[in-house]
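Quick notes on the structure that follows.
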Amino acid sequence: MNLTKLNTEQQNPKTLNIDLMDTEEIVTVINQEDLLVPNAIAKEIPSISEVVDKIVQAFNKGGRLIYTGAGTSGRLGILDASECPPTYGTDPGMVIGIIAGGKEATTEAIEGAEDDGDQGKQDLIDIGLTGNDVVVGIAASGRTPYTIGALEYANEIGAVSVSIVCSKDSEMEKISAYTIAPIVGPEVVTGSTRMKAGTAQKLVLNMLTTASMIKIGKVYGNLMVDVQMTNEKLRKRAENIVKTATGASDEEARAALAEQNNHTKAAILQIMTGLRGKGVLELLKKHDGHLRDAVAAFHSSK
């Protein structure tokens, strides 16, 4: 394939002489190019919203969100997936990032891994892909064989297949059921898709998981009420979330968290309703973990 025809491989006319620029000129032109990314993503909001709804549907029936990609794209998927458990209290198997070349490829380049389409399929077989899952293939060029192999297998199994690409009319777009394609234009350094394309991919992934977690009840107002208290910073954050949501004192927040085994959402519900112990968790479970619904139901029953 002629790479020069890809949006991501074209030369940027604004940076043809970037090697002659002084330091401030270089960083200024990088910044100016980065400013193009949000507008490119804004054009894809309808597609992003569609995919979020598919992810929520998958979560609600026990399915998973699975990112797959090579190089920078694969690393971004792993990053987004790894941040869901501490932020939203999700099981580590609910959002998964897979990269061509395996774990070793997260920190170093594994030559040739991205060219193995069969391995893209095999890696999904290895995690037991089902028709309840959503597979999001990430590739700036939209032509990575590894990711194409994964998407083709997702279609074969009946999983929802999604492409995040930064090129028009890509091979991945032709394969996947849904495509998110922010066209950010040529990179400052030709073909260096860790830059604008990578930034666009990261922002889209942020939107997919954040919006999905909000929709399944992991957020109350704009508070991350399922945050995991895995270190001192997060412990303090959980206390502040309980206090902000309820108006409780430091002592009341700490006591409720202790009684509810550091479950932030349950501590909030305990303070809001006066329920204690297992009754709090039972009410949350009855409303699928949606705190606002649980509070409303409790007060409407009084």
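Brief remarks follow.
- Theoretical gain in end-to-end length, Ile26 to Lys61 [0.36 nm per residue, Cα-Cα removed]: 7.7 nm
- Distance from the alpha carbon centroid of region 260-302 to that of region 224-244 works out to 17 angstrom.
- Rounded percent of accessible protein surface that carbon and sulfur make up, region 98-217, 1.4 Å probe: 46
- Region 174-222: C-alpha gyration tensor shape, a/c 1.5 cut-off, then a/b vs b/c: oblate
- Cut-off under 5 Å, modelled amide H: who pairs with Asp116 long-range: Tyr146
- Qualifying GluC sites (Glu not before Pro) in region 105-139, DSSP loop, other Cβ atoms within 10 Å at most 13: Glu108, Glu111
- Among Ala113, Ala258, Ala105: highest mean-square fluctuation, GNM of the chain, C-alpha pairs under 10 Å: Ala258
- Sulfur and carbon atoms: percent of accessible area, region 219-301 [1.4 Å]: 48
- Taking every C-alpha pair closer than 8 Å and separated by at least 6 residues, the mean separation divided by the residue count of the chain gives a relative contact order of 19 percent.
- The chain, dipole about Cα centre (Lys/Arg Cβ +1, Asp/Glu Cβ -1), debye to the nearest 20: 1500
- Using just its DSSP H runs of length 4 or more, each adding -39500 (n - 2.57), the chain gives a mean residue ellipticity at 222 nm of -15500 deg cm²/dmol after division by all residues.
- Cβ-Cβ distance of Glu173 and Thr107, R₀ of 45 Å, FRET efficiency by 1/(1 + (r/R0)^6): the value works out to about 0.90.
- 1.4 Å probe accessible area per residue over region 1-148, in Å²: 51
- For the chain, DSSP calls about 5 percent of its internal beta bridges antiparallel.
- Where region 219-301 is the region considered: accessible area per residue in Å², 1.4 Å probe: 55
- Rg ratio (alpha-carbon, reference 2.2 N^0.38 Å) - the chain: 1.14
- Separation between Cα centres of region 85-152 and region 7-56, rounded to whole Å: 24
- FRET efficiency estimate (nearest 0.05) - Cβ-Cβ, Asp293 to Asp34, R0 45 angstrom: 0.65
- Scoring 132-139, 164-171 by mean Cβ neighbours within 10 Å over their residues and listing the highest first yields 132-139, 164-171.
- FRET efficiency, 1/(1 + (r/R0)^6) with R0 35 Å, evaluated for Ser49 and Asn231 via beta carbons: 0.55
The values are calculated or read from the model by the stated rules, or taken from the named source; none is laboratory data. Computed from a predicted model, the values in this text were never measured in an experiment. We place every Cβ from the backbone using ideal geometry, glycine too, and count neighbours over all the protein chains shown. For accessibility, only protein heavy atoms count, side chains too; no ligands or nucleic acids. Shrake-Rupley method; radii C 1.70, N 1.55, O 1.52, S 1.80 Å.
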